[in-house]
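First up is the structure itself, then whatever we jot down about it.
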Amino acid sequence: MIFRRIKAHVEKENWFAVGIDFFIVVIGVFIGIQVANWNEARSNKVGLSGSLERLDREAAHNIDLIEKVLANYEDAAADMRVGREALSICDLSSEGQATLERTLFNLTDDVQPNFVTVALDQLARRDQYQNLLSAQFQDAFGLYAARLKEEHEQLTSHYDNMWRHHVNFHHSVSATFSGDPDTVQDVYADWGFKLDKPFREVCTDASFRNRFINTIGFYESIGQRLSLLKVEVETFQTALAEELKSR
């Protein structure tokens, strides 16, 4: 209707009325754009808050994963130290050999937590959300994303190189299965690894010793990396809590 009025005023050469109508059109368009922008900004704020809350739950889940791996790591650490000592001093006793074989078994534990990054990846792809974040949290977010990626790559490399390419594929080591898994109480009496050669030969085998110490090194570095990563994720959660308060 407004455009018909403008046309009519133009035909009558009523330029003042044309100016008024044109001003009304401009104001209407401006208000419409402002309302749309306000609605979009409000929607983005609500969406960002939801994304940050999901990211917080995701970070807490990743900490739980790290703690479970570290708990398994600590359970095996003492036994592994004894096994390493048995190999180092060539403890030829049956207990020395059994300890080393249990150490080989411990090295097969899954020490590669599968970090959850769904909320992280979604937030990283949404520029309209990223623009609403404080500069300080943007830095914390980028560091967290980089650290998870780095640790995933490092842990995958360590895990692949650890028992797969070192001790457990050594020609002096094989698997053993015995007993009834439904009745045997000691898991090591049921299945595990055994030395296919006399312990005296194994402990003086340079190839075995080199692979073994490399694998132990990988294993211990995983524990150190995950302990540090847990602290860094907790630090990120603190920054995330502050960002949520400012919403």
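The values are calculated or read from the model by the stated rules, or taken from the named source; none is laboratory data. Remember, it's a predicted structure, so these values are computed and weren't measured experimentally. Using ideal geometry, Cβ is built from the backbone for each residue, glycine included, and neighbour counts are taken over all protein chains shown. Remember, those area values only see protein heavy atoms, side chains included, never the ligands or the DNA or RNA. Shrake-Rupley method; radii C 1.70, N 1.55, O 1.52, S 1.80 Å.
Remarks
- Any pair with Cβ under 7 angstrom, 6 or more apart, that starts in the range 123-141 at a residue that is under 11 Å from residue 239 (Cβ atoms) and ends at one that is among the charged types (D, E, K, R) and crowded, with 17+ Cβ neighbours inside 10 Å: 133/243; 134/243; 137/243
- Unmet criterion (only one of (1) of a type outside the set (S, T, N, Q); (2) more than 19 Å from residue 54 (Cβ to Cβ); (3) surrounded by fewer than 16 Cβ atoms within 10 Å (Cβ to Cβ)) for residue 127: (2)
- First in the range 156-173 and assigned to a loop (DSSP other than H, G, I, E, B), second anywhere and of a type in the set (Asp, Glu), Cβ under 8 Å, 6 or more apart: 171/196; 172/196; 172/201; 172/205
- Positions within the range 217-241 being more than 30 Å from residue 123 (Cα to Cα) and either assigned to a loop (DSSP other than H, G, I, E, B) or touching a helix residue (DSSP H, G or I) at 6+ places or on another chain (Cβ under 6 Å) (or both), in sequence order: 218
- The range 71-110, subset outside any helix (DSSP H, G or I) and hydroxyl-bearing (Ser, Thr, Tyr), residue nearest to the chain's Cα centre (by Cα): 108
- When the test is whether a residue is open to solvent by 80 Å² or more (accessible area, probe 1.4 Å), among the polar types (S, T, N, Q) and at pLDDT below 85, residue 185 passes it.
- Figure legend. Inter-residue proximity from the range 47-65: first residues touching a residue at least 12 places away in the same chain (Cβ under 8 Å), second residues of a type in the set (Gly, Ala, Ser) and surrounded by 13 or more Cβ atoms within 10 Å (Cβ to Cβ), beta-carbon distance below 6 Å, spacing 6+ or different chains. Indicated pairs: 54/119; 55/119; 58/119.
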